[in-house]
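Taking it in order: structure first as structure tokens, then the write-up.
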Amino acid sequence: MATAEMKWNRDQGSGIGRTKGSTIRGLKRIPLPVAAVLVLALVPMQARAQDCLTCHSDASMTDASGHSIAVDGQKFSASVHGSLGCNACHADIKGYPHPDKIAPVDCSTCHADQAAQLQGSVHADSKEHPCTSCHGNAHEIFPKTDVRSAVYPLNVPKTCGNCHSNGGMAGKHGLPSVYPNYIDSIHGFALSKEGLLVAANCQSCHGSHHILSHNNPQSATYKTNIPKTCGICHAKIDADYEQGVHGKEIAKGDLSAPVCTDCHTAHAILQPTEAVFRMQSTPICGNCHKDRFSTYRDTFHSQLGSLGGYVETARCWDCHGAHDVRPAGDPESPINKANLVTTCGRCHAGANLSFVQYQPHANARDRKLNPGLYFVRLFMNLLLISVLTFFVIHTILWLIRSRYNQLKAKGANGGKHA
Amino acid sequence: MPEVEMAAVEAAQEQSGATRTPNAAGRYFVRFTREQRYLHAVLFTTFLGLAATGLPMRFSESFWARKFAAGVGGFGAILFFHKFCALVLTIAFLIHVKDLFVRAFMDHEKGVFWGPTSMVANWKDVKDLLGHMRWFLGLGPRPQFERYAYWEKFDYWAVFWGMVIIGFSGYAMWFAPFFAHFLPGWALNAVLVIHSEEGLLAILFIFSIHFVNTHLRPDSFPIDMVVFTGVESEEEFKLKRPMEYARMKAEGKLEKRLGIAPPLWLTNFSRVVGFLAVFIGLTLLVLTLSAYFS
């Protein structure tokens, strides 16, 4: 249904409003008495909408190519454009009968600012992205604060999702399907399940008319702008982030440092206490911190943690902090020596100064760094290899010999106790 | 194993007394006491439990570890079961040590620490090992084994020391803040290495070497029932431990070792339990090797 409607919108609505738009916009600047005259002049135009509906209220009415050219008069008069006459948009229609082919409606006649914003954006192509692709049926457009509007906050994801989801238009341009990710995310959940109007929807981060590619430094979703974009709502986290090493690197323009979306993802954002999030995020830190990740994986924290489950083991941010990651030398860092007992003690009740000598990133393969551990591992490995090697040879020889004896004693038949 | 039924078997064995009659299939001799069989039963069930829950932790990134963990309720459940088995095994181990102490120092039983019936290695074990290897290669006769052959003593001490090492390192991790009072910081790192390597050695050893040496070798194939039923046939006794058989005969104690043939239910029950244990063990062995070499 939605797709069919969209198609109709694209075909029908490639131009709306011609003369009328300039009249309305003009009103703001024209002195009151003149405006009053103009408003009076609108009255016969209003009447003309009724005239058009004499024909166009027939729901089965189509043009030569089969597209519906029916208008629901009731919905139109309730819509944001309801007070306008038909030729406010369909300006080339002067009377009846009108030509078969009429000019496409041009919204920019009235909505010049939006049209200008749209021009520089990723949706600039008006053939691919007519206004109606987001705002819905040209004759049934409502203000964005109206629940019936296609761009009402709770409706935005579905509207964008018409293209940006599986099998949507975006697929044609090789764009990812983001709608399913978003709708299952913590934002999507808050919006669709709780109906939170403040929950981030598509345009909270991407904007509406002036959407730029994330590769464009002006874009709200350009890497270095992301902390500020998320910070519109998550102000405290943004402030913390800017204090941390990652935030400082980003501020310096180092694009290799992570921003919000590197850990939380852009659309499939999960509640960070969720096991799935905790499971998937440790390797993300490991993308850059390879050696630290490798040594972490040797530890009990990682071994248990990668199994998932109800109990949690320490992941990177449990010790290092999440947003304001600071170097160990920083007195405010949770892994600063002075803070270790507190940090470890959050999970290990009774942690003491000796306990925190434990090295969460010890490397048993590094003789210089961890000599004790290195030799313990070496000894254990030698023990394992020597015991198994000896007994494997011993047992194989024994097997062969026993079977040989057995066959010899009992003929080819074998037997229980040779 | 149901206590009542086992007790009935024991009682039957007691009643038959000195004049135990050979049954139709020949005479049966007692090798393991009820306590020893129970100890082995507790040992192998908890060991299977420890291995099944320890391996997913050791190879937590293998394809089967997460599936197994998810199946039983995440690592919280795995760790709980691991600790539960560890506690049961610890108790069994302490009871065994207490028994040894009582037998050796309270009852002044001879042959606990030395002699032919002791688990302690002696010169004959060295000679047996070398002789056995010569026999493997066809260079000499088969050694005449005593009550416990050298590989059985090795199994025993491997498990004994394994329990001390794995147990200590396990408890050090379980109660790390407490152990930190008297262990250096790096030891907390080392206990995991010790625990997992020694555990891996135990798993690989038991599920390959012990299984083959004791159960799957042609002399015992497919399973040596003596540790389940407690008795073995005279023929098997003579073949596997000729020196003990000869010594018993010479000392005139052979008749005292006479037992009754295991009842059918016990044989069947032992077969089911034994095959199940071997099957679980071999499955874990395959999973371990697949994870180790991938």
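Numbers at a glance
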read-out	value
Sole residue being aliphatic (A, V, I, L, M) and in contact (Cβ under 8 Å) with a residue 40 or more places away in the chain, chosen from A:Leu175, A:Leu197, A:Leu191	A:Leu197
Number of the exception - B:Phe145 against (1) assigned to a loop (DSSP other than H, G, I, E, B); (2) within 12 Å of chain A (Cβ to nearest Cβ)	(2)
The range B:64-81, residues that are without any contact (Cβ under 8 Å) to a residue 40 or more places away in the chain and open to solvent by less than 40 Å² (accessible area, probe 1.4 Å)	B:Ala69, B:Gly73, B:Gly74, B:Phe75, B:Gly76, B:Ala77, B:Ile78, B:Leu79
Residue match in the range A:183-196 (condition: among the β-branched types (Val, Ile, Thr), part of a loop (DSSP other than H, G, I, E, B) and open to solvent by 30 Å² or more (accessible area, probe 1.4 Å))	no
Qualifying helices (runs of 4 or more DSSP H) (wholly inside the range A:309-418; at least 2 residues being closer than 25 Å to A:Phe277 by Cβ and β-branched (Val, Ile, Thr))	A:340-345
All positions within the range A:294-316 that are of a type outside the set (S, T, N, Q) and either open to solvent by 50 Å² or more (accessible area, probe 1.4 Å) or within 12 Å of another protein chain (Cβ to nearest Cβ) (or both)	A:Arg297, A:Asp298, A:Phe300, A:His301, A:Leu304, A:Gly305, A:Leu307, A:Gly308, A:Gly309, A:Tyr310, A:Val311, A:Glu312
Residue, farthest from A:Cys347 (Cα to Cα), within the range A:279-293, restricted to residues that are within 14 Å of chain B (Cβ to nearest Cβ) and of a type in the set (A, V, I, L, M, F, W, C)	A:Phe293
Some residue of the range B:172-192 being touching a helix residue (DSSP H, G or I) at 6+ places or on another chain (Cβ under 9 Å), within 22 Å of B:Thr90 (Cβ to Cβ) and more than 12 Å from chain A (Cβ to nearest Cβ)	no
Residue among B:Leu239, B:Leu216 that is open to solvent by 10 Å² or more (accessible area, probe 1.4 Å), more than 23 Å from B:Arg58 (Cβ to Cβ), within 7 Å of chain A (Cβ to nearest Cβ) and out of contact with any helix residue (DSSP H, G or I) (no Cβ under 7 Å at 6 or more places or on another chain)	B:Leu239
Within the range B:42-72, considering residues that are part of a loop (DSSP other than H, G, I, E, B) and more than 7 Å from chain A (Cβ to nearest Cβ), the one modelled with the lowest pLDDT	B:Ser62
Residues within the range B:172-191 that are farther than 21 Å from A:Arg377 by Cβ and touching a His at 6+ places or on another chain (Cβ under 8 Å), tallied	1
Boolean, B:Gly252 is on the phi > 0 side of the Ramachandran plot, open to solvent by less than 30 Å² (accessible area, probe 1.4 Å) and more than 14 Å from every other protein chain (Cβ to nearest Cβ)	no
From A:Leu388, A:Leu369, residue being facing chain B (nearest Cβ under 10 Å), closer than 26 Å to B:Ile194 by Cβ and not charged (D, E, K, R)	A:Leu388
Residue that is farthest from the other protein chains (Cβ to nearest Cβ) [pool: residues in the range B:82-111 that are under 30 Å from A:Gly305 (Cα atoms) and surrounded by fewer than 17 Cβ atoms within 10 Å (Cβ to Cβ)]	B:Ile91
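The values are calculated or read from the model by the stated rules, or taken from the named source; none is laboratory data. This one's a predicted model, so the numbers in the text were calculated from it and none came from an experiment. Positions of Cβ are backbone-derived with ideal geometry, glycine not excepted, and every protein chain shown enters the neighbour counts. For the accessible areas, the whole protein counts, side chains as well, though only heavy atoms, and no ligand, DNA or RNA atoms are used. Shrake-Rupley method; radii C 1.70, N 1.55, O 1.52, S 1.80 Å.
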